[in-house]
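*Asks:* This is the structure, below, for whatever I ask next.
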């Protein structure tokens, strides 16, 4: 029997599911129609018309899917699994956007969305290329839509729909109740690490990069298919540059997010997921360079075609790595298998086989030159540079693919224990070669070069670079390792050579500026990455664990975490740091850490600032720490709390059955006289005077009664309080009225008078000192990391200039 | 010989080099017994022995974390990690350690743990921590 569930909003889900099916159908129809529009030369263009209508509907349905999903999350319809799993009511609107792509389905949608946007631009701008290029793009769109279908065909579930209901996705006794929704009041929430503004813009940028990789690929396929061998590289070039620019920006944004919000203490960790996205980026950069070589010299045709095609295949491979769950034990990022393993493989397989078949069929017709390039020609070194980039990718690919290798051959090889060292060992030399080539190739001309002029330029650049390197190596202290010095030289040489070209460009040949600016940016990026990765140092070195034993060299390794008690300053590096206290803002606890740079001689504070590393005391994830960083021009101080006491909310409430005095330690009883000063654990109490005419509220004092007050001054923690506990004898009975000073945690009783000794009795009750608050802190100094971020920005500007230039070249001369 | 052939040979040589190096640098998955016999670092997969105490007392030493893990053969061993206790360690379902045996204790340089995801029931999260190296 079907249960009528109460309170569900089924319409947006059904509408969304309809749009998914529609997007799949229209993408498939567009693929088929564009295919026939390409192969059949119908005069009336009827296939093309159908294809355009289908593409348009596809865009509408993709927008429809997004709107429905947003509507569901925005209105907190937790009957939907996606909203339940990835959002909660407390989430601000801008993070609803990030919860949108926390799940696999949402990120597939994002990819589809960008592909739809790009299709519209292609329909608008591609002209004679539209039919053949769009066939490939729409085929890819069909595959992406199928990932979201979530329908069962022949017992196998195809794709995973974001509109699946919670009761369909999980099982539980509550789902047999018609009113189960009343029990589900809030969603699971968004992973706190993703609640960062970079997570709002990093995924869209990255996915635009991935999505735009298909355009150069589609041009290459179309060029082979329609035998327009010589045309496609030129038309694909601006798109390839665009993809390089966007994907590069997306990757570095991810790296910036990791640096700002995660606590692994760095910006790049050679994690498989990072590798998966950088590999296609590097191969496409290589492709761009050989396309240029082909354009100007006719050489490197096959290399250009191959690299353009493989870049997109590697994008698909990257999504297979990250989404199939195969990385399992090797990566910190991981999605598990949503039953898409085979589906993702099919996606790669279809595009790979299509490309191989086309290349084999057209092999003999491809305009491949037999002749070798001249050694003193730009095309030759562009080609070599591309090969080196290819090799560098291959090395990253080989190690990243170890889990795939294990799955395919049933082996059990573990990744290198020291991955970073393993990658750097290869990648640093590759980076050196690439930088040097990117420098001197700028002085070469296509076809052939005047060797005298070339060597003259080289001599000057090398000389200047050596001087600059010497200075920089000394300042940045990278002289500890020969390879570091070599890479610094290579980067600086590239900068100097490209600056030379840039000056020429400024003299009038400004359209050449793009490449030199991009190369300068890239070289800065490399130097920045090298210096900050090689010379970053943990400054929170804990020396208390250091045991130096005379006669032994074995000194225990200094440890990297520092214990800080509230209010107790510690020396760290050149700073004196103090954990001042914490404050709570929403789910975050901010630990205020004060940094002071004190001049040892004068004792003056040269600099003072506070950092607020925070931690989410998340009931679902425990303590999730995020760093806080002090940025300087030449270095950063990066601080994060690696451990802190869990904040407990169960405050001890005063309740019956407990006497008030239980809260206090055993009292201190003293016999005092006016003028005395007594010490107690956290301060002093001065007995100022005795007030013999004290009055007590609401208690009338008759002449026979005695009411005495004791005027006290309490000095503790730099503050002074006054209090007057009272002593009363009324009708022969003794009473006393204690005074409490909550701020000081004190209760004072004037408990007796001893007329015989002329003494007064004072009882001091003190609350037990609260356990001292503490945090464990790790601080790292990252020198010259701004070169890394700055280099990226310069590179993006250079790429942008190049896109404009290549786009202009495409326009027919008037 | 043509220059392109020479380049081809060099490229192939480097490519083979990268693959050999991947294999040479790679490590193996093993058990605590395997770790006892070798002096090189290896990966040990296992589960946290929940019957034993986790030792982390930041007031005494903020950089000493020790626990007991059972490897896949069920052998338990004390594991020492020079760092702070990873967040949410108690909830881990599976642990992958990288390190080596020193005096009967496994010195972990890296801990990778899988926690049942709190954000998606059918999604598993993996966390990684490294000590000073």
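*Asks:* Can we say residue A:80 is modelled with pLDDT of 90 or more and within 14 Å of chain B (Cβ to nearest Cβ)?
*Replies:* Numbers: modelled with pLDDT of 90 or more: yes; within 14 Å of chain B (Cβ to nearest Cβ): yes.
Yes, satisfied.
*Asks:* Please list, ordered by first then second residue, the pairs with beta carbon atoms under 9 Å, 6 or more apart or interchain, first in the range A:305-319 and outside any helix (DSSP H, G or I), second crowded, with 23+ Cβ neighbours inside 10 Å and at pLDDT below 95.
*Replies:* none
*Asks:* State yes or no: is residue A:431 out of contact with any strand residue (DSSP E or B) (no Cβ under 6 Å at 6 or more places or on another chain), farther than 30 Å from residue B:112 by Cβ and part of a helix (DSSP H, G or I)?
*Replies:* Numbers: out of contact with any strand residue (DSSP E or B) (no Cβ under 6 Å at 6 or more places or on another chain): yes; farther than 30 Å from residue B:112 by Cβ: no; part of a helix (DSSP H, G or I): yes.
Spelling it out, it is not the case that residue A:431 is out of contact with any strand residue (DSSP E or B) (no Cβ under 6 Å at 6 or more places or on another chain), farther than 30 Å from residue B:112 by Cβ and part of a helix (DSSP H, G or I).
*Asks:* As an exercise: evaluate residue B:90 against (1) without any contact (Cβ under 8 Å) to a residue 60 or more places away in the chain; (2) within 9 Å of chain A (Cβ to nearest Cβ); (3) closer than 24 Å to residue A:420 by Cβ; (4) in contact with a strand residue (DSSP E or B) (Cβ under 9 Å, 6 or more places away or on another chain) and give the number of the one condition it does not meet.
*Replies:* Every listed condition holds for residue B:90 apart from (3).
*Asks:* Same structure, new question: Which one of the conditions (1) modelled with pLDDT of 95 or more; (2) more than 28 Å from the chain's Cα centre (by Cα); (3) surrounded by 23 or more Cβ atoms within 10 Å (Cβ to Cβ) does residue A:37 fail to meet, given that it meets all the rest?
*Replies:* (1)
*Asks:* Going residue by residue through the range A:435-449, is there one that turns out to be out of contact with any strand residue (DSSP E or B) (no Cβ under 6 Å at 6 or more places or on another chain), more than 30 Å from residue A:325 (Cα to Cα) and within 14 Å of another protein chain (Cβ to nearest Cβ)?
*Replies:* Residues of the range A:435-449 out of contact with any strand residue (DSSP E or B) (no Cβ under 6 Å at 6 or more places or on another chain): A:435-449.
Next, only the ones that are more than 30 Å from residue A:325 (Cα to Cα) stay: A:435-449.
Within this subset, residues satisfying the condition of being within 14 Å of another protein chain (Cβ to nearest Cβ) are A:437.
So far as the range A:435-449 goes, yes, one or more of its residues are out of contact with any strand residue (DSSP E or B) (no Cβ under 6 Å at 6 or more places or on another chain), more than 30 Å from residue A:325 (Cα to Cα) and within 14 Å of another protein chain (Cβ to nearest Cβ).
*Asks:* Also, I was wondering about something else. Check residue A:50 against each of (1) over 21 Å from residue A:15 (Cα atoms); (2) touching a residue at least 24 places away in the same chain (Cβ under 8 Å) and name the one condition it does not meet.
*Replies:* (2)
*Asks:* Within the set of pairs 6+ apart or on separate chains, which have a first residue in the range B:21-44 that is within 16 Å of residue B:102 (Cα to Cα), a second that is at pLDDT below 85 and in a loop (DSSP other than H, G, I, E, B), and C-beta atoms under 6 Å apart?
*Replies:* B:41/A:417
*Asks:* Moving on. If you scan the range A:388-421, which residues turn out to be within 11 Å of chain B (Cβ to nearest Cβ), free of Cβ contacts under 8 Å to residues at least 24 places away in the same chain and part of a helix (DSSP H, G or I)?
*Replies:* A:394, A:398, A:405, A:406, A:421
*Asks:* Taking the range A:43-62 as the search range and keeping residues that are on the phi < 0 side of the Ramachandran plot and not in a helix (DSSP H, G or I), which one is surrounded by the fewest Cβ atoms within 10 Å (Cβ to Cβ)? First the steps, then the outcome.
*Replies:* First, pick out the residues of the range A:43-62 that are on the phi < 0 side of the Ramachandran plot: A:43-44, A:46-62.
Okay, now just the ones that are also not in a helix (DSSP H, G or I), so A:43-44.
Details: A:43: 5, A:44: 7.
Step by step, filter the range A:43-62, then rank; the result is A:43.
*Asks:* Taking only the range B:57-69 into account, find how many residues are surrounded by 15 or more Cβ atoms within 10 Å (Cβ to Cβ) and either at the interface with another protein chain (Cβ under 8 Å from one of its Cβ atoms) or out of contact with any helix residue (DSSP H, G or I) (no Cβ under 9 Å at 6 or more places or on another chain) (or both). Write out each step before concluding.
*Replies:* Within the range B:57-69, the subset surrounded by 15 or more Cβ atoms within 10 Å (Cβ to Cβ) is B:58, B:61-69.
Among the residues that remain, those that are also either at the interface with another protein chain (Cβ under 8 Å from one of its Cβ atoms) or out of contact with any helix residue (DSSP H, G or I) (no Cβ under 9 Å at 6 or more places or on another chain) (or both) are: B:58, B:61-64, B:66, B:68.
The total comes to 7.
*Asks:* Of all residues being buried (at least 16 other Cβ atoms within 10 Å of the Cβ) and more than 17 Å from residue A:692 (Cα to Cα) in the range A:703-738, which is modelled with the lowest pLDDT? Just the residue, please.
*Replies:* Result: A:716.
*Asks:* Which of the residues spanning the range A:63-82 are surrounded by 21 or more Cβ atoms within 10 Å (Cβ to Cβ) and part of a helix (DSSP H, G or I)?
*Replies:* Hits for the range A:63-82 are A:65, A:68, A:69, A:72, A:73, A:81, A:82.
*Asks:* Considering (1) surrounded by fewer than 15 Cβ atoms within 10 Å (Cβ to Cβ); (2) part of a loop (DSSP other than H, G, I, E, B), say which one residue B:90 fails and leave the rest.
*Replies:* For residue B:90, the exception is condition (2).
*Asks:* Now for a different question. Can you name the residue in the range B:99-129 that is more than 7 Å from chain A (Cβ to nearest Cβ) and not in a strand (DSSP E or B) and, of all such residues, is modelled with the lowest pLDDT?
*Replies:* Among residues in the range B:99-129 that are more than 7 Å from chain A (Cβ to nearest Cβ) and not in a strand (DSSP E or B), the one modelled with the lowest pLDDT is B:117.
*Asks:* Report every pair of residues separated by at least 6 positions or lying on different chains whose Cβ atoms are under 6 Å apart, first residue within the range B:2-15 and under 11 Å from residue A:384 (Cα atoms) and within 7 Å of chain A (Cβ to nearest Cβ), second surrounded by 15 or more Cβ atoms within 10 Å (Cβ to Cβ) and modelled with pLDDT of 90 or more.
*Replies:* B:11/A:387
*Asks:* Residues of the range A:213-245 being touching a residue at least 60 places away in the same chain (Cβ under 8 Å) and surrounded by fewer than 24 Cβ atoms within 10 Å (Cβ to Cβ), which ones?
*Replies:* A:224, A:225, A:226, A:227, A:229, A:230, A:234, A:235, A:238, A:242, A:245
*Asks:* Also, quick follow-up: Filter the range B:18-56 for residues that are assigned to a strand (DSSP E or B) and within 13 Å of chain A (Cβ to nearest Cβ) and give the result.
*Replies:* Residues of the range B:18-56 that are assigned to a strand (DSSP E or B), as a first pass: B:27-30, B:42-48, B:55-56.
Scanning the range B:18-56 gives B:27, B:28, B:29, B:30, B:42, B:43, B:44, B:45, B:46, B:56.
*Asks:* Checking the conditions here, which among A:69, A:122 is closer than 17 Å to residue A:16 by Cα, modelled with pLDDT of 85 or more, more than 14 Å from every other protein chain (Cβ to nearest Cβ) and touching a helix residue (DSSP H, G or I) at 6+ places or on another chain (Cβ under 8 Å)? So that I can check it myself, show each step before the final result.
*Replies:* On the way: A:122 fails: closer than 17 Å to residue A:16 by Cα.
Just a single option satisfies the conditions, and that option is A:69.
*Asks:* Please find, within the range A:558-579, the residue that is farthest from the other protein chains (Cβ to nearest Cβ) out of those that are assigned to a strand (DSSP E or B) and surrounded by fewer than 16 Cβ atoms within 10 Å (Cβ to Cβ). Full working, then the answer.
*Replies:* Of all residues in the range A:558-579, those assigned to a strand (DSSP E or B) come to A:559, A:562-566, A:570-572, A:575-579.
Now restrict to residues that are surrounded by fewer than 16 Cβ atoms within 10 Å (Cβ to Cβ): A:565, A:571.
On the way: A:565: 9, A:571: 16 Å.
So, considering only residues that are assigned to a strand (DSSP E or B) and surrounded by fewer than 16 Cβ atoms within 10 Å (Cβ to Cβ), the one farthest from the other protein chains (Cβ to nearest Cβ) is A:571.
*Asks:* Applying the selection to the range A:347-386, what residues are surrounded by fewer than 19 Cβ atoms within 10 Å (Cβ to Cβ), in contact (Cβ under 8 Å) with a residue 60 or more places away in the chain and within 38 Å of the chain's Cα centre (by Cα)?
*Replies:* Within the range A:347-386, A:350, A:354 meet the criteria.
*Asks:* Okay, moving on. Which members of the range A:88-105 meet the condition of being touching a helix residue (DSSP H, G or I) at 6+ places or on another chain (Cβ under 7 Å) and either part of a loop (DSSP other than H, G, I, E, B) or surrounded by fewer than 21 Cβ atoms within 10 Å (Cβ to Cβ) (or both)?
*Replies:* Of the range A:88-105, the ones touching a helix residue (DSSP H, G or I) at 6+ places or on another chain (Cβ under 7 Å) are A:91, A:94, A:96-105.
A:91, A:94, A:96, A:97, A:101, A:102, A:103, listed by residue number.
*Asks:* I'm trying to understand the selection: among the residues of the range A:176-191, which are within 14 Å of another protein chain (Cβ to nearest Cβ) and surrounded by 19 or more Cβ atoms within 10 Å (Cβ to Cβ)?
*Replies:* Once the filter is applied, which keeps residues that are within 14 Å of another protein chain (Cβ to nearest Cβ) and surrounded by 19 or more Cβ atoms within 10 Å (Cβ to Cβ), the range A:176-191 yields A:187, A:188, A:189, A:190, A:191.
*Asks:* Another one. Taking the residues in the range A:378-387 that are within 12 Å of another protein chain (Cβ to nearest Cβ) and touching a helix residue (DSSP H, G or I) at 6+ places or on another chain (Cβ under 7 Å) as candidates, determine which candidate is nearest to residue B:18 (Cα to Cα).
*Replies:* Of the residues in the range A:378-387, the ones within 12 Å of another protein chain (Cβ to nearest Cβ) are A:380-381, A:383-384, A:386-387.
Pick out the ones that are also touching a helix residue (DSSP H, G or I) at 6+ places or on another chain (Cβ under 7 Å) and you get A:381, A:383-384, A:386-387.
Numbers: A:381: 22, A:383: 20, A:384: 18, A:386: 17, A:387: 14 Å.
The qualifying residue nearest to residue B:18 (Cα to Cα) is A:387.
*Asks:* Residues in the range A:607-614: is at least one within 14 Å of chain B (Cβ to nearest Cβ), closer than 16 Å to residue A:777 by Cα and at pLDDT 80 or above? Lay out the reasoning, then the answer.
*Replies:* Pass one, the range A:607-614, residues within 14 Å of chain B (Cβ to nearest Cβ): A:613-614.
Subsequent filtering for residues that are closer than 16 Å to residue A:777 by Cα retains A:613-614.
Then drop every residue that is not at pLDDT 80 or above, which leaves A:613-614.
Yes, some residue in the range A:607-614 is within 14 Å of chain B (Cβ to nearest Cβ), closer than 16 Å to residue A:777 by Cα and at pLDDT 80 or above.
*Asks:* Can I ask one more? Is it the case that residue A:772 is surrounded by fewer than 16 Cβ atoms within 10 Å (Cβ to Cβ), in contact with a strand residue (DSSP E or B) (Cβ under 6 Å, 6 or more places away or on another chain) and within 30 Å of residue A:540 (Cβ to Cβ)? Explain how you work it out, then say what you get.
*Replies:* On the way: surrounded by fewer than 16 Cβ atoms within 10 Å (Cβ to Cβ): yes; in contact with a strand residue (DSSP E or B) (Cβ under 6 Å, 6 or more places away or on another chain): yes; within 30 Å of residue A:540 (Cβ to Cβ): yes.
It is true that residue A:772 is surrounded by fewer than 16 Cβ atoms within 10 Å (Cβ to Cβ), in contact with a strand residue (DSSP E or B) (Cβ under 6 Å, 6 or more places away or on another chain) and within 30 Å of residue A:540 (Cβ to Cβ).
The values are calculated or read from the model by the stated rules, or taken from the named source; none is laboratory data. Quantities reported herein were computed from a predicted structural model and do not represent experimental measurements. Positions of Cβ are backbone-derived with ideal geometry, glycine not excepted, and every protein chain shown enters the neighbour counts.
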